[in-house]
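Worksheet: one structure, shown below.
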Amino acid sequence: MKRFVHRFGALLAALLLSPPLFAQTASFTLANGLTVIVKPDLRAPTAVHMLWVRVGSMDEVDGSSGVAHVLEHMMFKGTPTVAPGEYSRRVAALGGTHNAFTTRDATAYYQQVPSDQVLAVMQLEADRFAHNQWSDEEFRREIEVIKEERRQRVEESPRARMFEAYNALVFQASPYRRPVIGWMNDIESLTPDDARTFHRQWYVPANAAVVVAGDVDPQQVRTWAEQTYGQIPARAVPTRKPRVEPEQHGPRRMEYRARAEQSLLTLGWKMPQLRALDADDAGSQDALALTLLASVLDGYNGARLGRALVQGEGGARLADSVDASFGLLGRGPQLFSLTGVPAPGVGVDVLSEALLAQVRRVAQAGVTDAELERVKTQWRAGEVYKLDAVTSQARELGSYWVNGWGTDAGERLLQRLMAVTPAQVQSAAQRLFDDRQLNVGVLVPEAKP
């Protein structure tokens, strides 16, 4: 531990005393409403360009699940000036790589290129953002690709199918209940105009942000952004209906039966959220405490869950693997989850009780100053080590923007977490793990017929 702290301190000192390789993050808004965020990092002649659109699966409607992800695929299918397949060839010719992803909350497209090619990828991205087009036949071919993607990621995985069913159990009104990739029947029923309409609705400048991190000058990026994205006409962002998740008044349990080698257990509770970085309400304080509670339970090798249940410290070995997590960031409701795979011969009810006992242990005896300081030190170190990759920097800034947070969110969040006390963590464990809010999902292995 002393060696780790010394290494962290030496790295931090080197960063503080070295020439200003990390200039202050700049942010500005174009006349059409598009946000531009620039994070200079002058260590290497490379840059990452990311386009974030604040639209994901949570913005879909029933019957059209998966359309946000489908549109992500179709964005690579061309514009009036870029033929299908040409986009990838052009980025490769620039010496770059690219990819995209869709989540519940957002869709993002990114390229890493030599820093002198940033303008070129901005021109490509702005073109397809505004002028994406493709034929009906191209759409039908891509739907078959997406159906196969769903088969490989979900249909062929009993655990993935179980978690899909579990989310549909946990969330009643929230669109988080639907899978990001979509239900298979919805994917099969989607039409080309479903995707085109979704694009027209949500791909508007005021609903998007461009993040550039790397060896760039903020004023130069601003000029390039105005030349490219700034030429896209402004349009109104559709009004979002809140679709608030109703309060849960009793435990829910689901068994998912499938051909699988091992059982799987997950326990989840809907928890308070950190709505804003300057929020000082009880719910926001609880969200910060829960973030550290998850780390105390499972945030490092030898944390409480691993020692007690996987290593069997002080008793029988009950699990092959365990996990604790809390969704601090997200536009929708967040869960605190405890998940585990029972060891051979151990029933899921025994493992469930053991997981709950670890939370009760915190509720009764609290956490030590040393435990809390350890996970805080890890969080601080993570804030430094994430600077190693410009992709990580760009992704973090985009994630904060999606949630309505500013460019200084990482520093401000770190300050809030550092102020959490052992008493706050214990209080959260005492008050928030109510059986009335509990959701249980169990994967039950079935024999092959």
(message) If I filter region 195-211 for residues that are of a type in the set (D, E, K, R), in contact (Cβ under 8 Å) with a residue 12 or more places away in the chain, at negative phi and open to solvent by 50 Å² or more (accessible area, probe 1.4 Å), do I get at least one hit?
(response) no
(request) List the number of the failed condition for L443; all other conditions in (1) surrounded by fewer than 17 Cβ atoms within 10 Å (Cβ to Cβ); (2) in contact with a strand residue (DSSP E or B) (Cβ under 7 Å, 6 or more places away or on another chain) hold. (result) (1)
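Which of the strands (runs of 3 or more DSSP E) contained wholly in region 187-275 include at least 2 residues that are in contact with a Ser or Thr (Cβ under 6 Å, 6 or more places away or on another chain) and either of a type outside the set (K, R) or at pLDDT 95 or above (or both)? Before the answer, list the steps.
Working: elements: 208-214, 252-258, 264-271.
The qualifying strands (runs of 3 or more DSSP E) are 208-214, 264-271.
Please specify each residue of region 275-323 satisfying the condition of being of a type in the set (S, T, N, Q) and either open to solvent by 20 Å² or more (accessible area, probe 1.4 Å) or farther than 17 Å from S337 by Cα (or both). Write out each step before concluding.
First, pick out the residues of region 275-323 that are of a type in the set (S, T, N, Q): 284-285, 291, 295, 301, 311, 321.
Residues satisfying the conditions are S284, Q285, S295, N301, Q311, S321.
Among the residues in region 386-396, are any charged (D, E, K, R), within 28 Å of N207 (Cα to Cα), open to solvent by 30 Å² or more (accessible area, probe 1.4 Å) and touching a residue at least 40 places away in the same chain (Cβ under 8 Å)?
Applying the first criterion (charged (D, E, K, R)) to region 386-396 yields 386, 388, 395-396.
Those left that are additionally within 28 Å of N207 (Cα to Cα): 386, 395-396.
Next cut, open to solvent by 30 Å² or more (accessible area, probe 1.4 Å) only: 386, 395-396.
Checking which are touching a residue at least 40 places away in the same chain (Cβ under 8 Å) leaves us with 395.
Yes, some residue in region 386-396 is charged (D, E, K, R), within 28 Å of N207 (Cα to Cα), open to solvent by 30 Å² or more (accessible area, probe 1.4 Å) and touching a residue at least 40 places away in the same chain (Cβ under 8 Å).
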(request) Could you check, for region 140-151, whether at least one of its residues is over 29 Å from M50 (Cα atoms), at pLDDT 95 or above and open to solvent by 30 Å² or more (accessible area, probe 1.4 Å)? (result) no
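Just for region 224-241: of the residues that are hydrophobic (A, V, I, L, M, F, W, C) and open to solvent by less than 40 Å² (accessible area, probe 1.4 Å), which one is nearest to N32 (Cα to Cα)? Show your work before the answer.
Keep residues of region 224-241 that are hydrophobic (A, V, I, L, M, F, W, C), which gives 224-225, 232, 234, 236-237.
Now restrict to residues that are open to solvent by less than 40 Å² (accessible area, probe 1.4 Å): 225, 232.
Details: A225: 11, I232: 7 Å.
The extreme case among them is I232.
Restricting to region 318-335, name every residue that is in a strand (DSSP E or B) and either under 12 Å from the mean Cα position of the chain (by Cα) or not β-branched (V, I, T) (or both). Give the steps one after another, and end with the answer.
Let us first name the residues in region 318-335 that are in a strand (DSSP E or B), namely 319-326, 334-335.
If the condition is that a residue be in a strand (DSSP E or B) and either under 12 Å from the mean Cα position of the chain (by Cα) or not β-branched (V, I, T) (or both), then A319, D320, S321, D323, A324, S325, F326, Q334, L335 are the ones that fit.
Do we have any residue at all in region 365-378 that's among the hydrophobic types (A, V, I, L, M, F, W, C), over 22 Å from A409 (Cα atoms) and surrounded by fewer than 18 Cβ atoms within 10 Å (Cβ to Cβ)? First the steps, then the outcome.
Taking region 365-378 first, the residues among the hydrophobic types (A, V, I, L, M, F, W, C) are 365, 367, 370, 372, 375.
Filter again for over 22 Å from A409 (Cα atoms), leaving 365, 367, 370.
Now narrow it down to the ones that are surrounded by fewer than 18 Cβ atoms within 10 Å (Cβ to Cβ): 365, 370.
Looking for residues that are among the hydrophobic types (A, V, I, L, M, F, W, C), over 22 Å from A409 (Cα atoms) and surrounded by fewer than 18 Cβ atoms within 10 Å (Cβ to Cβ), one finds at least one in region 365-378, hence yes.
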(message) Tell me whether region 394-407 contains one or more residues that are in a helix (DSSP H, G or I), farther than 30 Å from P251 by Cα, of a type in the set (F, W, Y) and touching a helix residue (DSSP H, G or I) at 6+ places or on another chain (Cβ under 6 Å).
(response) yes
(message) Among the residues of region 352-360, are any part of a helix (DSSP H, G or I), more than 30 Å from V440 (Cα to Cα), open to solvent by 40 Å² or more (accessible area, probe 1.4 Å) and basic (K, R)?
(response) no
(request) For region 93-100, state whether one or more residues are open to solvent by 50 Å² or more (accessible area, probe 1.4 Å) and of a type in the set (A, V, I, L, M). (result) yes
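Could we say that D278 is over 27 Å from Q172 (Cβ atoms) and under 24 Å from the mean Cα position of the chain (by Cα) here? Break it down into steps so the answer makes sense when it comes.
Details: over 27 Å from Q172 (Cβ atoms): yes; under 24 Å from the mean Cα position of the chain (by Cα): yes.
Yes.
Every residue in region 54-77 that is within 21 Å of A120 (Cβ to Cβ) and open to solvent by less than 10 Å² (accessible area, probe 1.4 Å), please. Even if it seems obvious, please write down each step before you answer.
Here is the first cut: in region 54-77, the residues within 21 Å of A120 (Cβ to Cβ) are 75-77.
Once the filter is applied, which keeps residues that are within 21 Å of A120 (Cβ to Cβ) and open to solvent by less than 10 Å² (accessible area, probe 1.4 Å), region 54-77 yields only M75.
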(request) Report, ordered by the first and then the second residue, all pairs with beta carbons closer than 7 Å, sequence separation of six or more or different chains, a first member in region 244-267 that is farther than 14 Å from D349 by Cβ, and a second member that is open to solvent by less than 70 Å² (accessible area, probe 1.4 Å) and assigned to a loop (DSSP other than H, G, I, E, B). (result) V244/A173; E245/F171; E245/A173; E245/S174; E245/P333; P246/A173
(request) Within region 170-183, track down each residue that is open to solvent by less than 40 Å² (accessible area, probe 1.4 Å) and either within 16 Å of G441 (Cβ to Cβ) or at pLDDT below 95 (or both). (result) V170, F171, Y176, P179
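The values are calculated or read from the model by the stated rules, or taken from the named source; none is laboratory data. Please read these numbers as outputs of a predicted model, since none were measured by experiment. Positions of Cβ are backbone-derived with ideal geometry, glycine not excepted, and every protein chain shown enters the neighbour counts. Heads up: the accessible areas ignore ligands, DNA and RNA and are worked out on the full protein's heavy atoms, side chains in. Shrake-Rupley method; radii C 1.70, N 1.55, O 1.52, S 1.80 Å.
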